[in-house]
1. Just to confirm the number: angle between the C-alpha axis of helix 264-276 and the first principal axis of the chain, 0 to 90 degrees, nearest 10?
2. Based on other C-beta atoms within 10 Å, arrange 311, 132 from fewest to most.
3. Taking the number of other C-beta atoms within 10 Å as the exposure measure, put 330, 376, 106 in order starting with the fewest.
4. Here are some values of volume of the Cα convex hull per residue in Å³: (i) 194; (ii) 143; (iii) 133. Which one was computed from this structure?
5. If a/c stays under 1.5 just call it rounded; otherwise compare a/b with b/c (prolate if a/b is bigger, oblate if not). Do that for the stretch 200-341, with a ≥ b ≥ c from the square roots of the Cα gyration tensor eigenvalues.
6. Quick check on the chain: helices-only [θ] at 222 nm, where DSSP H runs of length 4 and up contribute -39,500 (n - 2.57) each and the sum goes over total residues. Nearest 500, please.
Amino acid sequence: MNRETRNTIGRHRRDPTPASAGVPRRRSSPPGRITVHTTAGVGAIAREDWDALVGPDNFYNSHRWLHALELAHGSDTVVTTTTGDGVLLGAMPTWPGEAGAPGLFCPPDLFPGLAGTWPGDWLWLGARRSVYNELLCVRGPLRDRALAALLHGARTVARSRGAAGVIMPYLAAADARDLARAHPRATVLLHDADATMDLPAGGFAEHLAGMPQGDRTRRRAELRAFERAGTRVEWRALTGATSRVAADLITQNRARHGGTADPRWMRRSFAAQRRCGVLDQAVGHFGIRDGRPVAVTVCYTHHDRLYARYYGFDYRNAEPACEYFVLAYCAPLDYAAVHNLHRYRLAVSAWDVKARRGATLSPLAAVVLALGHDVCSPQRAAVFNHEVARQWQGRLAGRPRALGRGWDDWAAQPPSAS
């Protein structure tokens, strides 16, 4: 594998053609040459080159977000691939995972039907702790070769660290299939659902009007409880003082659910985001009661999207009165209407809460490639994916509008395990 210095990677020439358009137009080297590089973090790569590969739904793989993660948590190896004359074709962040800790990045928890097939540590691909990834790669004739080169580079990194293999989780299902084509032993495994809302121009009032009557009644009851407590909504930029308040509220919520009670982790994250400029894309939807903030949902804007990221509440000094529901599912819709944002990205977990509030859930899959034995046969993977898709269809049977596109592709034809 070719290794390049920080300055060399930083001189990748920006492709004048967007990633969605395919092959770069200008080339002075032979058109078939593709090279692989590794570097210690995205800070070594020009932001405009990187972000030319980032779509509107891929904020958590944007340059500023990843750079903030590096400043807060340390840098991780990034694999890139370029044309012979340095035009960036694709990139793949890596991170070491969470050393077997249960949860969102634990293979037995992600794939419970395959619990006995996960020896050792794995190299994780995509943004650190991101629950939605899209591939950072051009489209068009060079896409498959660029993805194969990225996956080769990632496997080389994994092998050098003694990892069992590579996993790229929480991929949009179509991207998972694209990446799996890059290696004959790569396996695609469904494992979760991504929640989004397409936002009406009329904000929450228009969104509420389109709900079934029972849902409208319950949402109005939440708003009345919020108002009876004397709470009101304010949108605030995350300046120094405001970000410290938000960090304290978020830490209380994290501690309530088993996380750290030390607010320094969140303050460190916000400080890193401020240094990178990504905090300028943030807005706090604060619940103000008795003249002070008691709750917050922090969102980020990217293109015409709004991303919900953190929620916090002052459990030490206040009793909840539906602040979570109002600040996470009502106030952001009005903010989006004012700022001409068209999609609200809600990520994974609490899928039933999100479906009841009008979210659409779409399939997420992981691509797994072990360095030794395969985690399962292609036939077993097909059966597993079929079963997962049918489970999600069953969960949402009473809310067919919540089922996004793509589930039928996995569930329509029951495969044979033989």
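Every read-out reported here was derived from the displayed coordinates using simple, explicitly stated rules and does not represent laboratory data. Note that the coordinates shown come from a computational prediction; the quantities given were computed from them, not determined experimentally. Ideal geometry is used to build each Cβ from the backbone, glycine not excepted, and the neighbour counts take in all protein chains shown.
1. 60 degrees
2. Details: 311 18, 132 26.
Ascending Cβ contact count within 10 Å gives the list 311, 132.
3. On the way: 330 24, 376 19, 106 15.
Placing the least packed residue first, the sequence is 106, 376, 330.
4. (ii)
5. Verdict is oblate for the stretch 200-341.
6. Working: 15 runs with 148 residues, N = 418.
Computed ellipticity for the chain at 222 nm equals -10500 deg cm²/dmol.
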